[in-house]
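Enquirer: Before anything else, here's the structure in question.
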Ligand SMILES: Cc1cc2nc3c(=O)[nH]c(=O)nc-3n(C[C@H](O)[C@H](O)[C@H](O)COP(=O)(O)OP(=O)(O)OC[C@H]3O[C@@H](n4cnc5c(N)ncnc54)[C@H](O)[C@@H]3O)c2cc1C
């Protein structure tokens, strides 16, 4: 079925998702597609829909745990969609494939800021919007005015007020593809933005540099609590299952110590949740998106 799909961009059959995720685990996607532009994307989605193949979009894979059986259907990367443009009145338009730091720098050159907190968050704007990525109590959706989404084969613009979102959460429909976002920035001295960028990158260089592949924080922080503290409180720092482990340096980072499978991560995650519940009565929820099929 996948052999009949044609686009101008790249198509990879049976592509191991371990090549596209920061955890370096994950079985093959039936199809990994990199459309060239909007027209190519729509043609791809039309063909997939005619072939009754499901699809999902990915960014840079920094928040993805793909299971060992891989992904049935197509994984669509918008890495060719990288335009960033000024739209007046402090607004910036960014396509999903643009890097977070590039968007911050673009605003900085115009004397606009207020999104310095995403400077060091690895990934694309599409991934950041989908996750409502953030730090220091801020989330990128606080700065979003509207999102352009390909739903089915229709491109629709949503005002942010029409969407349900919150801490590391945005409700979308399965198969929705975020194409771009309009962000509202504020006037800010470029030197101040530079300080924010430097501070954020330095903090991440020291605190997030755990020495092994990770997806950042594996669990969301429960209201008023820090997940790492609960995991530490349960005595789990350094705990291992197969090749997956709770980082010795940051206990909310589950890391690939070498040769881990997604099944190792699932087991480790279940263990962490069970022990944290035993010691604190709190149910941790994964921040990392778990997709695909088990073997
Ligand atoms: C070292 C490290 C530190 C991190 N620190 C932070 C942090 O401080 N704060 C934070 O919030 N996160 C953090 N993360 C997690 C991660 O960087 C963010 O979630 C980031 O926004 C993911 O972007 P991505 O492009 O890699 O998205 P992906 O991981 O590829 O995708 C994430 C989700 O978004 C969906 N998606 C991606 N693009 C699209 C699109 N165009 N349309 C529809 N759906 C899409 C995917 O299907 C998936 O469900 C960290 C990760 C690492 C490895």
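No lab work stands behind these numbers, since they all come straight from the coordinates. Keep in mind that this is a model prediction, so the values were computed, not measured. Cβ sites come from the backbone with ideal geometry, for glycine too, and all protein chains shown count toward neighbours.
Enquirer: According to a simple spin-label model (label point 7 Å from Cα along Cα-to-Cβ), what is the distance in nm between residue 53 and residue 142?
Expert: A separation of 4.1 nm, rounded to one decimal place.
Enquirer: Using a basic spin-label model with each label point 7 Å from the Cα along Cα→Cβ, how many nm lie between residue 167 and residue 87?
Expert: Placing both labels 7 Å beyond Cα along the Cβ direction yields 2.9 nm.
Enquirer: Simple spin-label model, 7 Å along Cα-to-Cβ: residue 240 to residue 277 in nm?
Expert: Reported label-point gap for residue 240 and residue 277 is 2.7 nm.
Enquirer: Sticking with this structure for a sec: How big is the Cα convex hull of region 23-76 in projection, averaged over all directions, in nm²?
Expert: The orientation-averaged projected area of the Cα hull of region 23-76 comes to 3.8 nm².
Enquirer: Using mean Cβ contacts within 10 Å as the protection proxy, how do 63-71, 7-15 order, highest first?
Expert: Most protected by this proxy first, the peptides run 63-71, 7-15.
Enquirer: Once the Cα gyration tensor of region 160-295 is diagonalised, what are the square roots of 5 times its eigenvalues, in whole Å and ordered largest first, as equivalent ellipsoid semi-axes?
Expert: For region 160-295, the ellipsoid semi-axes come out as 29, 21, 17 Å.
Enquirer: Taking a ≥ b ≥ c as the square roots of the eigenvalues of the Cα gyration tensor of region 244-295, is the shape rounded (a/c under 1.5), prolate (a/b larger than b/c) or oblate?
Expert: oblate
Enquirer: Same structure again: Considering the alpha-carbon set of the chain alone, what are its Rg and its Dmax in angstrom?
Expert: Over the chain's Cα set, Rg and Dmax evaluate to 19.4, 54 Å.
Enquirer: Let me ask something additional. Along its three principal axes, how long is region 83-186 when you only count alpha carbons? Whole Å, largest extent first please.
Expert: 37, 27, 23
Enquirer: Pop out the Kirkwood hydrodynamic radius of region 146-199 from its pairwise C-alpha distances, inverse of mean 1/r, in Å to one decimal.
Expert: 13.5
Enquirer: How would you order 99-106, 225-232, 153-160, 79-86 from highest to lowest mean count of nearby Cβ atoms within 10 Å?
Expert: 99-106, 225-232, 79-86, 153-160
Enquirer: Please give the per residue volume of the convex hull enclosing the alpha carbon atoms of region 1-111, rounded to a whole number of Å³.
Expert: Cα convex hull per residue, to the nearest whole number: 106 Å³.
Enquirer: Multiplying the sequence separation of residue 207 and residue 110 by 0.36 nm and subtracting their Cα-Cα distance, what value in nm do you get?
Expert: 31.9 nm
Enquirer: Can you pull the Rg over Rh of region 211-291, Cα-only, Kirkwood?
Expert: On the Cα set of region 211-291, Rg over Rh gives 0.93.
Enquirer: Helix-only estimate, please: 222 nm mean residue ellipticity of the chain, summing -39500 (n - 2.57) across DSSP H runs of length 4 or more and dividing by its residues, to the nearest 500.
Expert: -8000 deg cm²/dmol
Enquirer: Quick one: which of 217-223, 110-116 comes out on top by average Cβ neighbours within 10 Å, and what's the full order, highest first?
Expert: 110-116, 217-223
Enquirer: Now for a separate question. Using a Förster radius of 25 Å, what is the FRET efficiency between residue 3 and residue 295 based on their Cβ-Cβ separation? Nearest 0.05, please.
Expert: 0.55
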